[in-house]
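Structure, as C-alpha cells:
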Amino acid sequence: MRRTSAMAVATIAAAALTLTACGRNDAGSKATETGKDVSSGKATGTITVWAMGAEGEKLPALAKEFEAANPGAKVNVTAIPWDAAYQKFTTAITAGTTPDAAMVGTTWMGEFAGNDALDPTPPAIDKSAFFDGAQKTTEVNGTSFGVPWYVETRLVYYRTDLAKKAGYDKAPTDWDGLKSMAKAMQTKAGAKYGMGFQAGGVGSWQSIMPFGWSNDADLTKDSGKAYNFDSPEVLDAVKYYQSYFTDGISDKAAPATPTTEPDFKSGRVPMFVSGPWMMSAVEKVGVKKDQYDVMPIPAKTKSSSFVGGSDLVVFKKSKQRDTAWKFIQWLSDPKTQVKWYSSSTDLPAVKSAWQDPALTADTKLAVFGKQLETAQAPPSFPTWEQVVAGFDTEMEKVTKQGADPAAALKTVQQQADSIGTGQ
Amino acid sequence: MTGMNARGRWLLYGVLTVLLVAVISPFVWMILGSFKTQGELLQSPPTWWPHTATLDNYTQLFSRLNFKQYFFNSTVVAVAVTAGNLLFCSMLGYALAMLDFKGKKALFGVVMGTLMIPGVVTFVPLFVLVANIGLIDSLPGLILPFLAAPFGVFLMRQFFLGLPRDLLDAGRVDGAGELRIFRQIFLPLAGPALSTLGILTFLGSWNNFLWPLVVAQQEKTYTLPVALALYSTGQNSTQYGLLLAGATVVVLPVLLVFLIFQRRVIEGIATTGIK
Amino acid sequence: MSTTTEVTPRGETGSTSPSPRAGGAGRRPLGEGRAAWMLALPFCLLFLVFTAWPVVQSLFMSLTDTKSRDLRSPFSVNVIGFDNFTRAFADPVFRKAALNTAYFVVIGMPLTLGIALAAAVALDKGITRFRSTFRLGFYTPVITSIVAVAVVWRFLLQEEFGLINTVLGWVGITGPNWLGDPHWSMPGLILMASWRNFGTAMIIFLAGLQGVPYVLHEAASIDGAGAWQRFRHITLPMLRPTLLFVSVTTSIGYLQFFEEPFVMTNGGPLNSTISMSMYTYKQFGFGNYGYAASMSYIIFVVIAIVAAIQFRLLRDNT
C-alpha cells in the first residue's frame, strides 16, 4: 500500500509540474486606482449584502427604509456568523462568488484589496466626513476601497469608587500618573492587581499599541513601504507596559480566558483597557453605572488609541455596482448612522453623527468620541495579521519572562522584514 | 457472569460510576448553563445550579431563528450523508476485505491516503470545484462531497475482516451471486459496525460548520450549527447563554440517533458471529 | 460452534492470499473482480469528482509560492520546488509544534485507547445492568459542544479553585497552574483530549467485541482461565482488526490535534501547546497557501509512516 501511494504521489506531482511553469506575471507595485463615478438618480435592481452577527440580523430592518426611498431597489441581507467569516470571504473571492456589497473587518482590507476583489470608492463619497483613523483602514496603497461603517476604540476603564479610596478623584493624563494610580489601587484600595493588562498572546498588540501611538509611534517607514517596529517610540511603550508586570501591578500568569468582568466587579482588578462593548458587559455582571468610568489613554506626547470596527465595501464582480454604492452612501448619511446607533449601539464612523443628542447624552460615550478623533489604525498591509502574530508572541516573552524589550522588538522587526508588507 | 465474584462486580460498578460522574459533568453543566444569565455565566468561580434560572436564552433563540428551515436542512443533509456512507462504505469495505481483484491494494492505498490528508489543505480547491459545477447554495453541495468517506470504508473493511470467510465460500457453493452474498449474507451480519458508522457519520455531518457556512450563500440554505453561530458570538463578545442553549438544542437529535443505533448494536449480538 | 479456528481474523495477510475458488464457477453470474469493482464504483466516482482534483491542486500548491491573492489564478505562480519543505524544517515554531504534537500523541494515544478499551470490555462483559446508561454517559463528551467543554475544562484546570487541584489537595499535592504554566499546559490538554475522545473509540471497540463469541469465553473459563487470561488470549486477538482501525484513526486524529489548543490556549503559553495542525491553520489564515500546503503534506507523510508501522505491528501473526 505504501509503495502504491508513494508512486501515485510521485506521478501526480510530476504531472502537476509539467502542467505549468508559467510563473507569476508580477504586477509589481500596483498603481493607485481611482473610483468610477456612480450614476445619479434613484437606485434600482437587487443587491446582496453580507453582514456579520448582530449587524447582519439588524441590517434588514434598516434596509427596508432604503427600499422605501428607492422603490426600484431591493436589498437582500445575508447574515454571517463572525466565526469563520474570514474563511467565507476568502473562499468566495477565490471562487468568484462574492456578494455585491459586504461588511468586512478593518484588518482584512489589505488582503481583500490585494486580491483585486474590491471596487475603489467613488469620488462622490466625502472621505473627510469619517474619523481620520477609521478612514485610513479603507486605504490600501493609496487607494480607498469602501467606507468605515462603525467604529470602536480602546480606553482605560476604572472603578471610580475604588479610585476615590486610592486617592484619585480625577483620571490621570500621563503615563506616570496612570501607573501610580494602578499602584495605589493595590496599596490603598485592596486590589490584587492594579491593572488588567493582557500578558502578551493573541491580540495583545491592541492594548500595547495605544501606548505606542500615544508616544507618536509610526508602524511604517520609508514613506509607508516597510514595517517599523523597533523605533524608540514603540520601545518606550513596550518598556512602560513591561514595567507593570515587573512591578507586580499586572498579573504575569493571567488565565487563558480573561476574567475581566468578574474581576472588575469584585475589585480584584479595578482597571483594564478595552472597547465600548465592555460597558454593557460589566454592567451585566452587576457593576453600577456610577461605579466606574472611562478615561482616554494617558499621553506621553499626545493621547491616542487603536481604532477598529468594520468597513463597508463593494466587490468588483458586482453587477449592481451603482446600487451597491448608493446603499453604502445612504448608510453613511449622518441621520442613518444615528438611526443605526440606536438599533445596534454601533458607534458612528461619521463625525457629524456624534452631535446628535442620542450620543452626546452619555458622558462615557463622549470620551470614546473624543478618543476617536486621534485614534489610529495599524497599517493596511496584507501581511499585517501575520506580522502582528509575531509581535504578540514576543510580547508574551517580554511580559511573562521579562525578556529584553529592545531585543524582542528587533526580532519582530526582522520577522516583519522577511515577511514583507505583501503589497 | 462467569469468573467474577460479587465483590469484584460491586467494585467495578463503583469505578464505572465515579468515571461516569466525571465524564458527564460538562454535559450536565452545558444544559444547566443554558438556563443561566450572562452575568452568572461570567462569575468566577462558576456556579453549578442556576441561581436565577431563566428561559430567556431559549425564547431569544427561537424567536430569532427560522428554526424549522434550519432543522429541516440539517436533517436532510445528515440523513442523506449517513445513508450514503452506510451503503457505499459497506460496499467497498466488503470488497476490500473479502474479494480478490486487480488493483485492490492500490484502491486501499487511495482510501487510506484520502483518510490521512488534512482536510484544511483541500478545502479551498474543493470549494472552487463545487462552485464551478454549480452546486453552491444548494443542499446537494452540502451532501455530495461527504457521501462516501474513507473513514467508513476503513471501518467496514476492518469489520468484515473479522467475519468468517466460510460464509463466503458456503454462499458460492450454494450458487449465490457475489452481490447476493454481500447483500443477503454479510450485510445482515454487519449490524454493530453499521450502527457505529451511522452514529459517527450522523454526528459528524450534524455538527459540520465550516463547509455549510462557506457553501451557503443565503440563509435559507444554512444548517443548524451555522445559524446558531450567527447570534452567539460577536466581534468582541460571546453570548454564553445563547451559545449553550444552542448547543443543547443541537445535541438533542444526536442523542436520539445514538439511542436508536445503540439498540441495534445490542440486537446485533444475537445475529452476529458464530451461531 | 465447531468453527472456532476459522473465526480468527486474518488481518492484513488474509486479504492478500488468494481466496479458495469454490466449485461450480461457471454458474456465477458475475466474476469476483467485476463484482468487486461494481461495489467500489460509487466510492471511486465520488473520489474522482470531489477528492482527486483538489488533492492534485493542493500538492502542486505545496511546491509553489502561492499566496492567497494567487488563488484566483492558481497556475500563474512560481514553482519553487521543495523550498517550502526545507523552510518548514528550519522554522523554529514548526519544529516546536512537531515536538508538541509528538508529545501529545505519545502520551495521549495510549491513555485514550487504554481507557476506551477498559470501558468497552467492562460494559461488554463485566456488568449486566445499566449498560446503556453507562454507554450513553461515556459518549456524552463526544457530543458536548466544544464551547461548553472549553468553559468547564478551564474551570476544572484553574489554579486556585479548580476541581482537579482541589482533589489533588485532598491527598496533599499542590496542583500546578495547568494552563498558565508552559510545563503543565500540555498535560492539561492531553487529559482533556483523552476525556473527549475515548467515547468514540469505546463504541467502535464495543462493536468489535460483538464479534467475539461468548462460547469461547465460556469454554476457556471452564478450562480455568482467569479474566485477564481470557482477555489476553481470546478477546485481544479477536479484536485485532478493530484495534488496528481504532489506533490508526486515533493516531490520524491526534497527529492533526487542533481543537483543544484552539479553544483553550491558542497555542500558548509561550507556544507550549501549538500543534503542527494549528500552525498550519494559522499559515493558511495568513494567506501563505503554498507554505501551509507543504506543512500539511509533511503531516500527511508523518501520519502515513505512523499508520504503516501500526499496520505492520498489528498484522495477524499466525
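The values are calculated or read from the model by the stated rules, or taken from the named source; none is laboratory data. Keep in mind the model is a prediction, meaning the values are calculated, not measured. Positions of Cβ are backbone-derived with ideal geometry, glycine not excepted, and every protein chain shown enters the neighbour counts. These area figures cover heavy atoms from the full protein model, side chains too; ligands, DNA and RNA do not enter into them. Shrake-Rupley method; radii C 1.70, N 1.55, O 1.52, S 1.80 Å.
Observations on the model:
- Subset of the stretch A:89-102 [at the interface with another protein chain (Cβ under 10 Å from one of its Cβ atoms) and in a strand (DSSP E or B)]: none
- Pairs, first on the phi > 0 side of the Ramachandran plot in the stretch A:382-396, second surrounded by fewer than 23 Cβ atoms within 10 Å (Cβ to Cβ), C-beta under 6 Å, six or more apart: none
- Residue check for B:Leu230: of a type in the set (A, V, I, L, M) and facing chain C (nearest Cβ under 9 Å): no
- Pick from the stretch C:236-258, criterion within 7 Å of chain B (Cβ to nearest Cβ) and not hydrophobic (A, V, I, L, M, F, W, C), ranking: farthest from the chain's Cα centre (by Cα): C:Pro241
- Which numbered condition A:Leu162 fails, given (1) open to solvent by 10 Å² or more (accessible area, probe 1.4 Å); (2) among the aliphatic types (A, V, I, L, M); (3) part of a helix (DSSP H, G or I); (4) under 28 Å from A:Gly224 (Cβ atoms): (4)
- Residues (more than 7 Å from chain B (Cβ to nearest Cβ) and within 20 Å of B:Lys220 (Cβ to Cβ)) located in the stretch A:60-88: A:Pro60, A:Ala61, A:Ala63, A:Lys64, A:Glu67, A:Lys74, A:Val75, A:Asn76, A:Val77, A:Ile80, A:Ala85
- Within the stretch B:178-210, tally of residues that are open to solvent by 10 Å² or more (accessible area, probe 1.4 Å) and either out of contact with any Ser or Thr (no Cβ under 8 Å at 6 or more places or on another chain) or closer than 22 Å to B:Pro145 by Cα (or both): 17
- Any hit, the stretch C:283-293, residues being part of a helix (DSSP H, G or I), facing another protein chain (nearest Cβ under 10 Å) and in contact (Cβ under 8 Å) with a residue 60 or more places away in the chain: yes
- From the list C:Val152, C:Val147, the one residue that fits, being farther than 27 Å from C:Leu209 by Cβ, open to solvent by 30 Å² or more (accessible area, probe 1.4 Å), within 27 Å of the chain's Cα centre (by Cα) and within 8 Å of another protein chain (Cβ to nearest Cβ), is C:Val147.
- Among the residues making up the stretch C:262-281, those that are crowded, with 22+ Cβ neighbours inside 10 Å and at pLDDT 90 or above are C:Thr273, C:Ile274, C:Ser275, C:Met276, C:Ser277, C:Met278, C:Tyr279, C:Thr280.
- Residues satisfying the stated conditions in the stretch A:216-230, i.e. touching a residue at least 40 places away in the same chain (Cβ under 8 Å) and touching a strand residue (DSSP E or B) at 6+ places or on another chain (Cβ under 8 Å): A:Leu219, A:Thr220, A:Ala226, A:Tyr227, A:Asn228
- Failed item in (1) open to solvent by less than 10 Å² (accessible area, probe 1.4 Å); (2) more than 7 Å from every other protein chain (Cβ to nearest Cβ), with B:Gly103 passing the rest: (1)
- Single residue of the stretch A:161-210 satisfying the filter (closer than 30 Å to C:Asn271 by Cβ and of a type in the set (Lys, Arg)) that is modelled with the lowest pLDDT: A:Lys192
- Hits in the stretch A:106-146 (condition: open to solvent by 20 Å² or more (accessible area, probe 1.4 Å) and outside any helix (DSSP H, G or I)): A:Asp116, A:Pro123, A:Ala124, A:Asp126, A:Glu139, A:Asn141, A:Gly142
- Only residues that are open to solvent by 60 Å² or more (accessible area, probe 1.4 Å) and either in a loop (DSSP other than H, G, I, E, B) or over 24 Å from B:Pro225 (Cβ atoms) (or both) were counted across the stretch B:38-76, and they come to 8.
- Restricting B:Val111, B:Val81, B:Val130 to those that are touching a residue at least 12 places away in the same chain (Cβ under 8 Å), touching a helix residue (DSSP H, G or I) at 6+ places or on another chain (Cβ under 9 Å), within 12 Å of chain C (Cβ to nearest Cβ) and over 30 Å from A:Phe89 (Cα atoms) reduces the list to B:Val111.
- Within the stretch B:146-158, considering residues that are open to solvent by less than 30 Å² (accessible area, probe 1.4 Å) and of a type outside the set (Gly, Ala, Ser), the one nearest to the other protein chains (Cβ to nearest Cβ): B:Gln158
- Considering A:Gln320, A:Gln337, the condition of being within 23 Å of the chain's Cα centre (by Cα) and under 30 Å from A:Val75 (Cβ atoms) is satisfied by A:Gln337 alone.
- Residues within the stretch A:377-412 that are facing another protein chain (nearest Cβ under 10 Å) and within 17 Å of the chain's Cα centre (by Cα), tallied: 8
- Residue in the stretch C:207-216 that is more than 7 Å from every other protein chain (Cβ to nearest Cβ), surrounded by 18 or more Cβ atoms within 10 Å (Cβ to Cβ), hydrophobic (A, V, I, L, M, F, W, C) and part of a helix (DSSP H, G or I) present: yes
- Qualifying residue in the stretch A:176-188 (condition: touching a Ser or Thr at 6+ places or on another chain (Cβ under 6 Å) and either open to solvent by 40 Å² or more (accessible area, probe 1.4 Å) or in a helix (DSSP H, G or I) (or both)): no
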